Amino acid sequence: MQATDKKKTLILGASANPQRYSYLALDRLRNAGHEVVAIGRKNVVVKDVQIDTEQKPYTDVHTVTLYLNPLHQKEYYNYILSLRPKRIIFNPGAENEELYRMATDHAIKAQDACTLVLLSTGQY
């Protein structure tokens, strides 16, 4: 993978539980060489990634991948848009028409997809 192919990714709804899809996404993104930042409910380290509990002013975020249901996304709307990512991935269960529309209004690519599938098929 070339440096230009690496996409700094924010996992919103990150978990330290290996049974969760957000955990698998973190693991596979890191294995693929992507830089990962993460926000979740517990302040813990997974692999080499610190999961934060606050909305930090991360810079150069290419992709925000959502593992929160739409109800829990509302408190992050302004935060997500303030990061100015190139795209937002709405994983299964995280689909949200309102945020999708807000993203496209801000010239952010919104995608109903599965991060794990995108990675495994080389479409990430």
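The values are calculated or read from the model by the stated rules, or taken from the named source; none is laboratory data. None of these values were measured; they are calculated from a predicted model. All Cβ positions, even for glycine, are placed from backbone atoms using ideal geometry, and neighbour counts span all protein chains on display. Quick note on the areas: whole protein, heavy atoms, side chains included, nothing else; ligands and nucleic acids left out. Shrake-Rupley method; radii C 1.70, N 1.55, O 1.52, S 1.80 Å.
How do the helices (runs of 4 or more DSSP H) wholly within segment 61-116 filter down when requiring 3 or more residues that are touching a strand residue (DSSP E or B) at 6+ places or on another chain (Cβ under 9 Å) and over 20 Å from GLY40 (Cα atoms): which remain?
Counting at least 3 such residues, we get 97-105.
So which of ALA113, ALA107 ends up being open to solvent by less than 30 Å² (accessible area, probe 1.4 Å) and modelled with pLDDT of 95 or more?
Selected residue: ALA113, the only one of ALA113, ALA107 that is open to solvent by less than 30 Å² (accessible area, probe 1.4 Å) and modelled with pLDDT of 95 or more.
Quick check on segment 101-108. Is at least one of its residues within 15 Å of ILE11 (Cβ to Cβ) and among the hydroxyl-bearing types (Ser, Thr, Tyr)?
No; the residues of segment 101-108 include none that is within 15 Å of ILE11 (Cβ to Cβ) and among the hydroxyl-bearing types (Ser, Thr, Tyr).
Between TYR100, TYR67, which is over 22 Å from ASN17 (Cα atoms) and either among the polar types (S, T, N, Q) or open to solvent by 20 Å² or more (accessible area, probe 1.4 Å) (or both)? Full working, then the answer.
Values: TYR67 fails: over 22 Å from ASN17 (Cα atoms).
The match here is TYR100.
Residue-wise test of (1) basic (Lys, Arg); (2) at pLDDT below 95; (3) open to solvent by less than 90 Å² (accessible area, probe 1.4 Å); (4) touching a Ser or Thr at 6+ places or on another chain (Cβ under 6 Å).
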| residue | (1), (2), (3), (4) |
| --- | --- |
| TYR21 | no, no, no, no |
| ARG28 | yes, no, no, no |
| ALA38 | no, no, yes, no |
| VAL44 | no, no, yes, no |
| VAL49 | no, no, yes, no |
| GLU54 | no, no, no, no |
| TYR58 | no, no, yes, no |
